[in-house]
1. Give me Rg/Rg_expected for the range 195-257, where Rg uses Cα atoms only and Rg_expected = 2.2 N^0.38 Å with N residues.
2. So what is the 222 nm mean residue ellipticity for the chain from helices alone, if each DSSP H run of at least 4 adds -39500 (n - 2.57) and you divide by all residues, rounding to the nearest 500 deg cm²/dmol?
3. Using only the Cα atoms of the range 133-197, each taken as one equal point scatterer with no solvent, compute I(q) by the Debye sum, divide by I(0), and report log10 of the ratio at q = 0.15, 0.19, 0.20, 0.29 Å⁻¹.
4. For the range 2-67, count all C-alpha to C-alpha pairs, find those more than 14 Å apart, and express that count as a whole percent of the total.
5. Can you quote the Å³ per residue value for the convex hull of the Cα atoms in the range 144-234, rounded to an integer?
6. At 20 °C and a viscosity of 1.002 mPa s, what translational diffusion coefficient does Stokes-Einstein give for the range 71-219, taking Rh as the Kirkwood radius over Cα pairs? Give it in µm²/s as a whole number.
7. Per residue, what volume in Å³ does the Cα convex hull of the range 1-125 take up?
8. To check you understand DSSP bridge types, tell me what percent of the beta bridges within the chain (both residues inside) are antiparallel, rounded to 5.
Amino acid sequence: MKVTENFNLKQHNTLAIDCHCDQFILVENLHDVEKIVPYCGKQGFFILGSGSNLVLTKNIEKPVIHLTDRFHARVVDGLTVVWGGSIWADFVMWAAKKGLGGIENLAAIPGTVGAAPVQNIGAYGTEIKETIVWVEIFNYRTGKFQRLSNDECRFMYRTSVFKETENPWIITRLAFELTPKAEINLAYDGVKDELQARNILEPSFQDIAEVVTTIRQRKLPDYKEVPNVGSFYNNPIIDEKHHKKLARKYPDLVSYPLENNHFRISAAWLLETCGFKGHRMHECGFSDKHALVLVNYGDSTGKEIISLSKEAIRSVNQKFKIKLKVEPQIV
Ligand SMILES: Cc1cc2nc3c(=O)[nH]c(=O)nc-3n(C[C@H](O)[C@H](O)[C@H](O)COP(=O)(O)OP(=O)(O)OC[C@H]3O[C@@H](n4cnc5c(N)ncnc54)[C@H](O)[C@@H]3O)c2cc1C
């Protein structure tokens, strides 16, 4: 375990916001995890992964816990168990190369394995909840480890029990059911088209992971060059009546039918239609590559980014009577 005082977090959040924390505690393994208990004051800790789903609006006064990103995964009794600090994208490639399927559509999503269940990461028709068997947590108030089953994690679209309440938990390890028999998921036309372009008729998990990575690189701005946190808003859900009204007025509306006569609306379409794609305010703005991505062009602050995001929420609400929900956590 390594403790650093007055630590700069600019390299530890993908929006590259210049903020500090009073204390940064690097945890190297499960034994270290237990050693953090004495550092826990009344205010608890802030757990930081790769900072790819955060907007830092101020310095963090709580001690910040960060699990080392040294990759560690192994297959035990048919389950794939992974260290929470491991980089998610590395894990997906490792599994795909081993012929273990189920998460290949989630390739190239930034962040750590430990943060992935927090918002039940999803992409290209797959969510992490489909393969998680248990999530190991360390309760820093009681000093005890515990395993939550998939049901206990209460996974839903971009959320879980880990987001519901402020809890004293660090996610330390995850177990997945990944198998060579997993069905290839070609729900997204883009994936099918790219496979066809590569002349791949019977794709392996590795093919899918590589194709998804290529599509993502094409579609999304690279946060290492243009700092961002991916999608800034969730795709909102509206009822049938509302959808009918919008579809009549906007024939190009992008939406997907759900159960119970509801529809998921493309937040990117809403923003683009309101003119936000490429819209810039000082050092931050909406990407000209993808309207859903807010980027830091220089030394923008978290407060400026939030202010611009509120402008977009107001505008979308005025035009479509839909309230967008911000996806990343505002700290
Ligand atoms: C370019 C880009 C593309 C993206 N694309 C997608 C996408 O397709 N789908 C998608 O779902 N998301 C996407 N995201 C969002 C992001 O990658 C995920 O939410 C990711 O899981 C965040 O991981 P992190 O380690 O960066 O977490 P952080 O941003 O560091 O933390 C996020 C939250 O998790 C908590 N947390 C982190 N680690 C732990 C832990 N070990 N224990 C307990 N709590 C913890 C933090 O306290 C915080 O509340 C994208 C982001 C970017 C920058």
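Taken together, the values in this text are just the output of simple stated rules run on the coordinates, not laboratory data. Treat the numbers as computed from the prediction; the structure is a model and nothing was measured. Because the Cβ atoms are built from the backbone with ideal geometry, glycine has one as well, and the counts that use them run over all protein chains shown.
1. That ratio works out to 1.65.
2. So the helix-based figure for the chain works out to -7000 deg cm²/dmol.
3. Once normalised to I(0) and log-transformed, intensities are -0.66, -0.83, -0.87, -1.25.
4. Roughly 55 percent, rounded to a whole number.
5. 174 Å³
6. In µm²/s, the coefficient rounds to 136.
7. With only Cα atoms used, the range 1-125 gives 121 Å³ per residue.
8. 85 percent
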